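Since the structure comes first, as structure tokens, the remarks are kept for the end.
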Amino acid sequence: MSENEVIQLWKSGLSKNKVAEIYRRRYNQQIKVIRAEVVNRHAGRFISSYEALAVVERVIYKEVVKK
């Protein structure tokens, strides 16, 4: 999920917590797909909702400061 997608969801009226939950689900799903291959079975790590919220808040803060 790119920064533009996060900003777009936030501007559409979703709260930062809901955007963070969507971010966490998409990120963890990508990790599951990567880990499905035997070679990459230990690659990456799942993120918690707290870590996802930190990423989303950073993106939103950058957008607010920019304006």
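The values are calculated or read from the model by the stated rules, or taken from the named source; none is laboratory data. Bear in mind the structure is a predicted one, so any value in this text is a computation, not a measurement. For neighbour counting, all protein chains shown are included, and Cβ atoms are generated from backbone atoms with ideal geometry for every residue, glycine included. To get the accessible areas, we keep the full protein, side chains included, count just its heavy atoms, and leave off ligands, DNA and RNA. Shrake-Rupley method; radii C 1.70, N 1.55, O 1.52, S 1.80 Å.
Being part of a loop (DSSP other than H, G, I, E, B) and either touching a Pro at 6+ places or on another chain (Cβ under 8 Å) or modelled with pLDDT of 95 or more (or both), is that true of even one residue in segment 51-67? No, every residue in segment 51-67 fails to be part of a loop (DSSP other than H, G, I, E, B) and either touching a Pro at 6+ places or on another chain (Cβ under 8 Å) or modelled with pLDDT of 95 or more (or both). Cβ separations smaller than 8 Å between residues 6+ apart or across chains give the following pairs from segment 49-67 residues that are within 18 Å of R26 (Cα to Cα) to residues that are hydroxyl-bearing (S, T, Y) and assigned to a helix (DSSP H, G or I): A52/Y23; A52/Y27; V55/Y23; V56/Y23. The set of residues in segment 1-48 that are open to solvent by 100 Å² or more (accessible area, probe 1.4 Å) and in contact (Cβ under 8 Å) with a residue 24 or more places away in the chain contains only R26.
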